[in-house]
Amino acid sequence: TKLPTLINTVEEFTELSKLAEQILGADGTKRYLLLFQNNTELRPTGGFIGSFAEIKINNGLIDSLNIPKGGSYDLQGSLKTNLIAPKPLQLLKAKWEFQDANWFADFPTSARQVIEFYTDSGGPSVDGVIAINATYISKLLGLLGPIEMPEYSRIINEKNFLFESQKIVELEYNKKE
C-alpha cells in the first residue's frame, strides 16, 4: 500500500536533483543575483532590497561572490532608462529603481524586473534571482549557531540578528563614505 507513495517520492526527488544540477552549474557556470530582503520593511516579495550579491557557480562550487559595499544603492543613478515608479510607490519617490524592483507579488515578475534593472544599470546578464529574507538568516543562525565577530566586538545569533543588522546599517555606518 505504501509502494506507490515511495515511487512518487523517488520520482520527485529525481526531478529535483536534475533541477539542482542545472541550478548548481553542472552544465556550465551559472550567475545569479542574491537579493537580501529586509522583511521589517515589507515589499510584495517579502522585503526591501537593501543589499544584493552576484554569485557565480560552476559544478556546485562558488566561483565568485561579489557583494557591493553600498548595497542596492550602488546602482542608484546608473539606470540608462528612466522609469516612473508605479503609482502607489510615487508617494515615496517618482523614479523607479533597483531597490524597489520587487514591486510585484508574483515573484517571477519581480525577478524579471530586478534583472532588467540590474542589466540596464550595467550589470552582466544573470540566470536567475534568489531572494533571502532577514528572518530566514535568523532561523539559519538558530540551526547553525552564533557567529563570533571579534573584530567588531559582536556575537550574532538567532535572537539578535535583526536588531544588530538594523543598528549597523542605520546607525553605525561610516557617514563620510
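Laboratory data are not the source of any read-out in this text; all were calculated from the coordinates shown. Bear in mind the structure is a predicted one, so any value in this text is a computation, not a measurement. Here Cβ is always computed from backbone atoms with ideal geometry, including for glycine, and neighbour counts include all displayed protein chains.
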- [ ] For LYS80, go through the lysines and keep the ones whose alpha-carbon is under 27 Å away, minus same-chain ones fewer than eight residues off.
- [x] LYS30, LYS56, LYS69, LYS93, LYS95
Task: Ellipsoid semi-axes in whole angstrom, largest first, where each is sqrt(5λ) of the Cα gyration tensor of the range 1-50 - done: 34, 20, 5
TODO: Treating the angle as unsigned and between 0 and 90°, give the value, to the nearest 10°, between the Cα long axis of helix 134-144 and the longest Cα principal axis of the chain.
DONE: 50 degrees
- [ ] Could you work out the local net charge near GLU54, counting Lys and Arg as +1, Asp and Glu as -1, over the other residues with Cβ closer than 14 Å to its Cβ?
- [x] +1
TODO: Compute the normalised compactness of the range 32-84: alpha-carbon radius of gyration over 2.2 N^0.38 Å, N being the residue count.
DONE: 1.34
Open item on the list: Under the rule of at least 5 residues apart or a separate chain, name every residue whose amide H is placed under 5 Å from the amide H of GLU158.
Closed with: GLY142
Task: Evaluated over the chain, the Cα radius of gyration and Dmax, each in Å - done: 19.0, 68
Open item on the list: For the range 96-177, I need the span (max minus min coordinate) of the C-alpha atoms along each principal axis, in Å, sorted largest to smallest.
Closed with: 39, 36, 21
Open item on the list: Given 20 °C and 1.002 mPa s, compute D for the range 72-143 with the Stokes-Einstein relation, Rh being the Kirkwood radius over Cα pairs; round to the nearest whole µm²/s.
Closed with: 159 µm²/s
Open item on the list: Among DSSP bridges having both ends in the chain, what percentage is antiparallel? Round to the nearest 5.
Closed with: 75 percent
TODO: Starting from the amide H of PHE104, placed 1.01 Å from N in the peptide plane, find each other amide H under 5 Å away whose residue is 5 or more places distant or on another chain.
DONE: SER110
Task: Total formal charge among the other residues, if their Cβ is under 15 angstrom from that of PRO146, Lys/Arg +1 and Asp/Glu -1 - done: 0
Task: Phi to ³J(HN,Hα) by Karplus 6.51 cos²θ - 1.76 cosθ + 1.60 over the range 70-82, Hz, x for Gly, Pro - done: x, x, 5, 6, 4, 8, 4, x, 9, 5, 6, 9, 8
TODO: Calculate how steeply helix 3-23 sits against the longest principal axis of the alpha-carbon atoms of the chain, using the helix alpha-carbon long axis, and give the answer as 0 to 90 degrees to the nearest 10.
DONE: 40 degrees
TODO: Compute the signed sum of charges (Lys and Arg +1, Asp and Glu -1) over the other residues within less than 13 Å, Cβ to Cβ, of LYS30.
DONE: -3
TODO: Let me have the 222 nm mean residue ellipticity of the chain computed from DSSP H runs of 4+ only, each contributing -39500 (n - 2.57), with the sum over all residues rounded to the nearest 500.
DONE: -10000 deg cm²/dmol
Open item on the list: Give me, ordered by chain and number, the residues 5 or more places off ASN133 or on other chains with an amide H under 5 Å from its own placed amide H.
Closed with: GLN37
